Structures are given as C-alpha cells and as structure tokens.
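Before any comments, here is the structure.
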Amino acid sequence: MQRQRPMPVNAFVELFDQMGPNDQLNLRDLRIKAITLLALCALTRPSDLAPKGKVFKPEDNSSSTIPMSVHDITFEQEGSMTICFHGIKNDINRQGFEVNIPQNGEKHSCDPVKCLKMYIERTQDCRSKECVGLFLTLRAPYHAIAVDTVANILEEAIYRVGLQGQGFTAKSFRPTGATNAVNIGVLP
C-alpha cells in the first residue's frame with residue numbers, strides 16, 4: 001500500500017478567498033465550501049459526513065441509518081463548534097465521539113465555524129421534523145445527502161482548485177488535513 005501525498009491546502013484557501021463572503025454565496029457554493037472545510041478541519045472521510053452506519057431498534061426489530069444531523073453540531077460561546085460523530089468507521093462502540101473545531105480568526109474566508117453556521121441558517125427552512133440532516137439536497141423534497149454526493153462535492157472542490165488528474169480523490173482530504181495539522185504544530 002502506498003501513501004498518498006497531501007494536497008496543497010493553499011489551493012483551497014485561494015479558492016475560498018475568490019468565492020467571496022459566505023452570505024453572498026449561492027447555496028451550492030456554500031455547501032461545497034462547508035463540506036470541504038469540514039473535511040479538512042475535522043479530518044473526515046466522505047462517509048463521516050454522510051454516515052452509512054445503522055442503529056438497531058430492538059422494540060420493533062428494525063434498523064435505520066444514522067444521518068449526520070444539525071443536532072450533532074453545537075456552536076460554543078467562545079466561538080468554536082463541537083461536532084458529535086455517530087456511526088462512522090472510527091466509532092467502534094457506536095457511542096459517538098466529539099470533535100471541537102476552533103474558529104479561524106485569522107482567515108475569515110476559511111473559517112469552518114462561520115461557514116457551517118451560515119449554511120445551517122440558510123437551509124433551516126428546508127428542514128422538517130422528518131429531515132434534520134446536516135447537509136441537504138439542493139431541491140425539494142429536501143433530504144440528507146448520501147455518501148456518494150459528499151464524495152462528488154469534494155471531487156468538485158478538487159476540480160475547482162485545478163488538482164484533478166493528479167491522483168487526488170475525495171478520500172485525500174483526511175490525510176491532507178492531518179498532515180497540515182501536524183505541520184502547523186498540532187500533536188499527532
């Protein structure tokens with residue numbers, strides 16, 4: 001097995017600088033930006049942002065998928081956000097685990113907290129009691145997006161920064177985020 005080299009994060013920083021402020025982006029671009037930032041900052045796989053995990057309900061012998069929900073995001077008083085991941089590959093006991101992502105005070109165009117908060121606010125009217133998914137389809141009837149849609153969105157981000165054809169895929173965001181974190185001094 002050969003390790004993949006990390007993508008140049010600066011390419012994404014430049015893309016987000018060019019896109020402009022979150023409140024001026026169309027919903028499609030805001031979703032691309034939010035998913036890309038989350039993939040880099042939370043070191044996620046496409047399947048972490050649209051989990052395929054299932055939960056068994058013993059009361060009626062049924063199972064249901066565990067979509068990533070708006071209820072899994074908590075915006076903290078000091079400006080960070082906490083994300084609870086359920087049913088993903090690293091959640092072996094299916095108990096869920098939390099990841100705290102600080103606000104990016106230096107580079108507002110690359111702030112995952114403000115971007116995700118704006119996305120949730122702008123998609124609030126699309127959600128119902130039945131649909132509390134975090135990332136939604138762009139057309140009614142709105143529902144949580146699937147893993148392949150997350151992967152397609154991340155592939156589009158790779159295309160937009162001009163890295164297509166260089167061996168990068170949607171799965172490249174996790175090692176890229178991890179490598180970048182270690183390079184800026186985060187303990188492995």
(request) Answer yes or no: is there a residue in the stretch 30-41 that is in contact (Cβ under 8 Å) with a residue 60 or more places away in the chain and surrounded by fewer than 18 Cβ atoms within 10 Å (Cβ to Cβ). (result) no
(message) Which pairs turn up if I take residues in the stretch 44-57 that are among the polar types (S, T, N, Q) and look for partners that are in a loop (DSSP other than H, G, I, E, B) and at pLDDT 70 or above with beta carbon separation below 7 Å, at least 6 apart in sequence or on another chain?
(response) Ser47/Ile88; Ser47/Lys89
(message) Which condition from (1) within 18 Å of Asp29 (Cβ to Cβ); (2) surrounded by 14 or more Cβ atoms within 10 Å (Cβ to Cβ); (3) out of contact with any Cys (no Cβ under 9 Å at 6 or more places or on another chain) is the one that Thr137 breaks?
(response) (3)
(message) List pairs: first residue in the stretch 92-106 and touching a residue at least 60 places away in the same chain (Cβ under 8 Å), second residue surrounded by 11 or more Cβ atoms within 10 Å (Cβ to Cβ) and small (Gly, Ala, Ser) anywhere in the structure, Cβ distance under 9 angstrom, at least six positions apart or on different chains.
(response) Ile101/Ala42; Ile101/Ser80
(message) Please determine whether any residue of the stretch 96-105 is crowded, with 16+ Cβ neighbours inside 10 Å and farther than 20 Å from Arg174 by Cβ.
(response) yes
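Yes or no, residue by residue, for (1) farther than 19 Å from Pro46 by Cβ; (2) hydrophobic (A, V, I, L, M, F, W, C); (3) buried (at least 16 other Cβ atoms within 10 Å of the Cβ):
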{"position": "Arg122", "(1), (2), (3)": "yes, no, yes"}
{"position": "Cys126", "(1), (2), (3)": "yes, yes, yes"}
{"position": "Lys129", "(1), (2), (3)": "yes, no, no"}
{"position": "Ile145", "(1), (2), (3)": "no, yes, yes"}
{"position": "Ala157", "(1), (2), (3)": "no, yes, yes"}
{"position": "Val161", "(1), (2), (3)": "no, yes, yes"}
{"position": "Ser172", "(1), (2), (3)": "no, no, yes"}
{"position": "Asn180", "(1), (2), (3)": "no, no, yes"}
{"position": "Val186", "(1), (2), (3)": "yes, yes, no"}
(message) Of the conditions (1) in contact with a Pro (Cβ under 7 Å, 6 or more places away or on another chain); (2) more than 30 Å from Gln4 (Cα to Cα), Ile88 satisfies every one except a single condition; which number is it?
(response) (2)
(message) Being in contact with a helix residue (DSSP H, G or I) (Cβ under 7 Å, 6 or more places away or on another chain), closer than 24 Å to Ile145 by Cβ and part of a helix (DSSP H, G or I) is the filter here; which residues of the stretch 10-31 pass it?
(response) Phe12, Leu15, Phe16, Met19, Asn22, Asp23, Leu27, Asp29, Leu30, Arg31
(request) Please determine, by comparing only the residues of the stretch 159-181 that are over 17 Å from the mean Cα position of the chain (by Cα) and among the β-branched types (Val, Ile, Thr), which one is farthest from Ile35 (Cα to Cα). (result) Thr179
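The values are calculated or read from the model by the stated rules, or taken from the named source; none is laboratory data. Everything numeric here is computed off the predicted structure, so don't read it as measured data. When we count neighbours, we look across all protein chains shown, and the Cβ atoms used for this are built from the backbone with ideal geometry, even at glycine.
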